[in-house]
Amino acid sequence: MSLLKKLAGETAIYGTSSILSRLLHFVILTPFLTYYFTKQEYGVVTDLYAWAALLLVIYTYRMETAFFRFGSKESDMERSFSTAAISLLASTAVLTVLFLIFAPEIARWLHYPDRPEYVRWFALIIAFDALAAIPFARLRLENRPIRFAVIKTLNILVNIFFIFFFLKICPWLLEQGYEWAGWLYNPEREIGYVFLSNLLASGSVLLFLAPLLLKAQWTFEAGLWKRMLRYAAPLIVVGVAGIVNQFVGIPLLKELASDDMDYNIAQVGLYGAAAKLAVLMNLFTQAFNYAAEPFFFRNAAREDKSTLYAQVGQGFTLVGCLAFVGIMLYMDVIQYYLGADLRGGLAVVPFLLMAYLFLGLYYNFSIWYKLADRTIIGGYIATAGSVITIGLNVWLIPRYGYLAPGLAALACYSFMAAASYLTGQRYYPIHYPVGRMALYILGAIAAYALSLLLQKSYTPGFAAGLALNTVLLLGYLSFLAVLERQGLRRLVRQLRK
């Protein structure tokens, strides 16, 4: 129980940074950007960040996970850290130079021929983020979540400051007659200031992490590097497949929704804005993954590890289902964080929320192949998931538009969670309480479905609808309390010790 409390505490701290940064983004930037930009403009932002997410996996090639594996022993930490950092520094320099040189050609390929600076800025953003990956991984492995959280929070604060500086303060200064502000602000290139602000924020983060890099031994061990690459190689496939599964729907939506590129980019904008409302589930999953991966490695030698990991999976499912019910039952309020022009994609939110829940289950179930050094199986599962994602997007986008990526994500992550669980039971058995976990999920879906049915049948007003959904939320909590009454009593007794 003390280990679970420690994991919960670390998840809370990692989650605080993720929640605070995402909450700041959700409360400040999401409404600001969705009210400030049109569907087409917000579609450009969504599109380029999807490509950036894919490239970041390629830039880092999962060396942070290899560092966890080979640096988990204190005697090996310095050697592994230094070798991984040097490897990323060299590869990042080469890739960034190539992107800077071929920026005009890449911009034309992305359908933004007049904006090669977007490509250059993103090349530098990704470079800074890649170089920060190993220092962040070291903070996680050394159990320093507070410093991790502070730097992650500073990242979003700097980003927010510069976005408002460029898009609000600079235009105001020009109106007041300060002509020098014209050197910083061009009203015809407002989208670019979102990316430039990110660049400045990512550069600031790397400065905060610089002491960790400067203290490194800066010795490169070729033999260790080869072992790290062999371990990480299948995980690169997993990482690329993971990003493909999460973001490939965006470029495919831009290309396949119709023959009208403006309409397609608007569809991307609707989907991207709706995905922001699923951020609470996504950030919980991310916070859990930040804490759980090193936690699983640190406790892999325990005799009761199977019971421990099963309890973690059950707890994750319970909290994730509560997040799903809470978000969907109060969507009538949450939707106003988006500008009116970008609320047309709300129908995809429940599919994305449930998809992120299954993604978290996949993180739980897939830990076995990392612990058992069978990462190649993870590569196969993730690749199969990518085939499902791409195939469903290609099939569904012309028919359902922005709904298709959400449906594809749910199908993909459900498959990956199931495949990881089943293969794990064969090679590295962990006895998860799948029956209870399934009841949590089915109960959450039932609560949301009942809300839709009652709203459609009786069409209550806004206040009455909120009251009705509050009753349904209390009903779901009661269902969980009855289902877990023995477990709750045991938990209370443990916490009192």
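The values are calculated or read from the model by the stated rules, or taken from the named source; none is laboratory data. If you're wondering where the values come from, they're calculated on a predicted model, not measured in any experiment. Positions of Cβ are generated from backbone atoms using ideal geometry, with glycine treated the same way; all protein chains shown enter the neighbour counts. For the accessible areas, the whole protein counts, side chains as well, though only heavy atoms, and no ligand, DNA or RNA atoms are used. Shrake-Rupley method; radii C 1.70, N 1.55, O 1.52, S 1.80 Å.
In this structure the chain gives 44 Å² per residue of accessible area when probed at 1.4 Å with all protein chains present. Contact order, relative form, for the chain: 22 percent (alpha carbon pairs under 8 Å, 6 or more residues apart, mean separation divided by residue count). The Cα-based radius of gyration of the range 363-497, divided by its Kirkwood radius, gives an Rg/Rh of 1.09.
Order these peptides, 105-113, 269-277, by their mean beta-carbon neighbour count within 10 angstrom, highest first.
Working: 105-113: 14.9, 269-277: 25.7.
Going from most to least packed, we get 269-277, 105-113.
Between residue 474 and residue 175, what's the calculated FRET efficiency when r is the beta-carbon distance and R0 is 56 Å? Round to 0.05. My answer for the efficiency is 0.65.
How much mean residue ellipticity at 222 nm does the chain get from its helices, if each DSSP H run of length 4 or more adds -39500 (n - 2.57) and you divide by all residues, to the nearest 500 deg cm²/dmol? Please list the in-between numbers first.
Values: 23 runs with 405 residues, N = 497.
That calculation yields -27500 deg cm²/dmol at 222 nm.
Return the carbon/sulfur percentage of the accessible area of the chain, one whole number, probe 1.4 Å, all protein chains in place. Spell out each step's value before the answer.
On the way: 14310 of 21860 Å².
Heavy-atom surface of the chain belonging to carbon and sulfur, 1.4 Å probe: 65 percent.
Note on exposure: 142, 255 ranked by accessible area (1.4 Å probe, complete protein assembly) read 255, 142, with the most exposed listed first. Under the criterion of Cα pairs below 8 Å and six or more residues apart, the relative contact order for the range 133-239 equals 30 percent. Note on the range 303-405: with charges restricted to the Cβ of Lys and Arg (+1) and Asp and Glu (-1), its dipole about the Cα centre is near 220 debye. Placing +1 on the Cβ of every Lys and Arg and -1 on the Cβ of every Asp and Glu, with nothing else charged, gives the range 82-139 a dipole about its Cα centre of roughly 100 debye. Farthest toward the positive end of the dipole of the range 68-145, out of 127, 141, 89, is the Cα of 141, where the dipole comes from beta carbon charges about the Cα centre.
Each principal axis of the Cα atoms in the range 130-202 has its own extent, and those three values, largest first, are 52, 20, 16 angstrom.
Could you rank the peptides 393-399, 366-372 by their average count of other C-beta atoms within 10 Å per residue, with the highest value first?
Numbers: 393-399: 16.4, 366-372: 21.0.
Going by the mean number of other Cβ atoms within 10 Å, highest first, we get 366-372, 393-399.
Rounded to the nearest 20 debye, the dipole magnitude of the chain is 2220 debye, with +1 charges on Lys and Arg beta carbons, -1 on Asp and Glu beta carbons, and the Cα centre as origin. Across the range 65-105, Cα-Cα distances exceeding 15 Å account for 53% of all pairs.
For a test of the definition: using alpha carbon positions, the gyration tensor, and the 1.5 limit on a/c, classify the range 370-437 as rounded, prolate or oblate. Walk me through the numbers before you get to the answer.
Numbers: a/c = 4.37, a/b = 1.91, b/c = 2.29.
In terms of gyration-tensor shape, oblate.
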